[in-house]
1. Would you please name the residue that is nearest to residue 199 (Cα to Cα), looking only at residues in segment 154-182 that are more than 22 Å from the chain's Cα centre (by Cα) and part of a strand (DSSP E or B)?
2. Could you tell me which residue of segment 68-87 is farthest from residue 98 (Cα to Cα), considering only residues that are touching a strand residue (DSSP E or B) at 6+ places or on another chain (Cβ under 7 Å) and at pLDDT 95 or above?
3. Show the residue pairs meeting these rules: Cβ distance below 9 Å; 6+ apart or different chains; first residue within segment 51-63 and on the phi > 0 side of the Ramachandran plot and without any contact (Cβ under 8 Å) to a residue 40 or more places away in the chain; second residue surrounded by fewer than 15 Cβ atoms within 10 Å (Cβ to Cβ) and not in a strand (DSSP E or B).
């Protein structure tokens, strides 16, 4: 869903294979994201910072944690995500925790995301809870509607305040072309004008395709190719995976590192 740009984020597995000839019964190398580094600068501000995210996997090749360090002249923070899987290998829970270290600030809560699936292993619901002093407060929930495919055609989101009162509800309708989300139309339960966002893509594999870390679905993890954003340029490796994303105005870039397994 468009609003779920918590990160973002975010995070990341791609089972790549070499397109070269292989010996019989010899498995080609596969690739998964190991590290991403984002350097950001600003011509209008003295603030510049570097964000480094490391990805950890278990023996089943499941992403089990991400650790993100953000450092600058003014602040340092560490963000961690921890993922838990059910017996069928699907993410059942993820938790976000932050360890900020700058004067006068302490963080007394963390977030927990719970995932529910149907008999076809399709994601049906996500619940996001803010945990304060061991008390869970529902921040939002999302339910998904499917057609004949494995990815949703609609997502319904409900946002709640700290008192547990519903304060916003909207529906995102997804349109696909060649396994990419090309349109997301958002309509609100209270009425008013709808909003449609249109997306374009490159022709290279998206390492975030189908990956859940925090929250549910959006165009970024529902699309098999990489989302093209005005002002950004990608570079790719021999396996066609993105290895660099550069802001053409010089404000920053992100480098991606992979490992074989």
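1. Taking the candidates together, the pick is 168.
2. If we take residues in segment 68-87 being touching a strand residue (DSSP E or B) at 6+ places or on another chain (Cβ under 7 Å) and at pLDDT 95 or above, then 86 is farthest from residue 98 (Cα to Cα).
3. So the pair list comes out empty.
Conditions tested, residue by residue: (1) in contact with a helix residue (DSSP H, G or I) (Cβ under 7 Å, 6 or more places away or on another chain); (2) on the phi > 0 side of the Ramachandran plot; (3) at pLDDT below 95.
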{"site": "117", "(1), (2), (3)": "no, no, no"}
{"site": "127", "(1), (2), (3)": "no, no, no"}
{"site": "165", "(1), (2), (3)": "no, no, no"}
{"site": "168", "(1), (2), (3)": "no, no, no"}
{"site": "181", "(1), (2), (3)": "yes, no, no"}
{"site": "192", "(1), (2), (3)": "no, yes, yes"}
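The values are calculated or read from the model by the stated rules, or taken from the named source; none is laboratory data. From a predicted model like this one, the values you see are computed outputs, not experimental measurements. Because the Cβ atoms are built from the backbone with ideal geometry, glycine has one as well, and the counts that use them run over all protein chains shown.
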